[in-house]
1. Just one of (1) touching a strand residue (DSSP E or B) at 6+ places or on another chain (Cβ under 9 Å); (2) at pLDDT 95 or above; (3) surrounded by fewer than 21 Cβ atoms within 10 Å (Cβ to Cβ) trips up residue 86, so point out which.
2. Among the helices (runs of 4 or more DSSP H) confined wholly to region 65-155, which include 3 or more residues that are more than 10 Å from the ligand (Cβ to nearest atom) and in contact with a Gly (Cβ under 9 Å, 6 or more places away or on another chain)?
3. If I go through region 113-148 residue by residue, how many of them are among the hydrophobic types (A, V, I, L, M, F, W, C), touching a residue at least 40 places away in the same chain (Cβ under 8 Å) and buried (at least 19 other Cβ atoms within 10 Å of the Cβ)?
4. Out of region 1-53, which residues are under 9 Å from the mean Cα position of the chain (by Cα), free of Cβ contacts under 8 Å to residues at least 40 places away in the same chain and more than 10 Å from the ligand (Cβ to nearest atom)?
Amino acid sequence: MSRIAIYPGSFDPLTYGHVSIIDRGLHVFDKIIVGIAINVRKTPLFSTQERIDMIRASFPDETRLEVDTFEGLLVDYARQRNCQVILRGLRAVSDFEYELQMANMNRKLDDTIETMFMMTEESHFYVSSGLVKEVARFGGDVSEQVPDHVEEALVAKFEVMKNESDAITSEE
Ligand code: PNS
């Protein structure tokens, strides 16, 4: 039986922290499905398709990696896709409580699916998609936190947003 892990998240955008967990996860599992959660309550910076493309572009030749989206409960999607494991990365202590709650809740919902954590590499300990977006929005350098193509996409996205807001201001 092949060991399949689901690596769920928002990936808005993909960071080197995510890339590292996927790389290392591929040493342990036969296949990893990156599951982009569609959350109607969150407004992501990048569209679902943009996030799928960014992840695929980071692993162009990796046949054991699939990128997909899911709506609803993670455990339902995991069961449907025959994933035995939910893979999550753990950074600082601050992640712990949230992750513990999710892992426990997911186990209550389905105790046949195990959550497994990988400690984020030291160099990516402080990398988060949220901080990356904030820094990039104000023109800061995020080249050490995200792959080149993601950095380019961030610059382009904020440029478009700036032009749109300038256009609205000049109309007023
Ligand atoms: O990258 P994130 O935003 O921390 O990922 C959170 C995610 C997507 C793993 C979590 O919100 C999730 O699993 N959402 C799907 C809905 C669900 O199953 N919620 C109950 C989890 S206890």
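1. Of the numbered conditions (1) touching a strand residue (DSSP E or B) at 6+ places or on another chain (Cβ under 9 Å); (2) at pLDDT 95 or above; (3) surrounded by fewer than 21 Cβ atoms within 10 Å (Cβ to Cβ), the odd one out for residue 86 is (3).
2. Of the helices (runs of 4 or more DSSP H) lying wholly inside region 65-155, none has at least 3 residues that are more than 10 Å from the ligand (Cβ to nearest atom) and in contact with a Gly (Cβ under 9 Å, 6 or more places away or on another chain).
3. 3
4. The one that is under 9 Å from the mean Cα position of the chain (by Cα), free of Cβ contacts under 8 Å to residues at least 40 places away in the same chain and more than 10 Å from the ligand (Cβ to nearest atom): 34.
The values are calculated or read from the model by the stated rules, or taken from the named source; none is laboratory data. Bear in mind that the values here come from a model prediction, so they are computed numbers and not experimental data. A quick note on method: Cβ atoms are made from the backbone with ideal geometry, for glycine too, and the neighbour counts reach across all protein chains shown.
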